[in-house]
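Each reported figure results from applying straightforward, stated rules to the coordinates on display, with no laboratory input. Computed from a predicted structure; not experimentally measured. Here Cβ is always computed from backbone atoms with ideal geometry, including for glycine, and neighbour counts include all displayed protein chains.
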Amino acid sequence: SHQLLTTAEYLVDAGLEPSKICLDPGIGFGKTLEHNIDLLNGWETFRGEHDFSVLWGVSRKSMIGQLTGHSSTDDRLYGTLGVAAHAQQAGIDWLRVHDVQAHTDLLGVMERLS
């Protein structure tokens, strides 16, 4: 996470507007379940002093399978929606998803109820 933030700050120093930068901590990608959970719970560090946008791409990831006990990616929708609900409540800017309609419905209902 430190390297990602350092690179983003380098881009700002080179003249790129912070609003043009969106950071993805790379959930999955060679990390243990505990590393992924730490990233999801400590995402605020990615904002940095420039308040960068943050993206989570957790849709159907193996960490969802580990948390739910579902080995098939086809069975990970509900776990993915749980993380999406957490992301919305936490203030994550962007979600990369497979099941667009399910996420649209979830986030739409959450917005109406808030």
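The table below lists the values:
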read-out: Residue that is nearest to Pro25 (Cα to Cα), among those in region 55-109 that are over 13 Å from the mean Cα position of the chain (by Cα) and of a type in the set (Gly, Ala, Ser); value: Ser62
read-out: Restricting region 14-33 to residues that are surrounded by 10 or more Cβ atoms within 10 Å (Cβ to Cβ) and among the charged types (D, E, K, R), the residue that is farthest from Val54 (Cα to Cα); value: Lys31
read-out: Only listed residue being part of a helix (DSSP H, G or I), of a type outside the set (Asp, Glu) and either more than 17 Å from Leu4 (Cα to Cα) or free of Cβ contacts under 8 Å to residues at least 60 places away in the same chain (or both), chosen from Leu40, Leu55; value: Leu40
read-out: For Arg96: the one exception among (1) under 15 Å from Leu4 (Cβ atoms); (2) surrounded by fewer than 17 Cβ atoms within 10 Å (Cβ to Cβ); (3) not aliphatic (A, V, I, L, M); value: (1)
read-out: Enumeration of residues in region 58-82 that are in contact with a helix residue (DSSP H, G or I) (Cβ under 7 Å, 6 or more places away or on another chain) and assigned to a helix (DSSP H, G or I); value: Met63, Ile64, Gln66, Leu67, Thr68, Leu77, Gly79, Thr80, Leu81
read-out: Near pairs, Cβ below 7 angstrom, 6+ apart or cross-chain, from region 94-114 (in contact (Cβ under 8 Å) with a residue 12 or more places away in the chain) to any residue that is surrounded by 13 or more Cβ atoms within 10 Å (Cβ to Cβ) and among the basic types (Lys, Arg); value: His98/Arg60
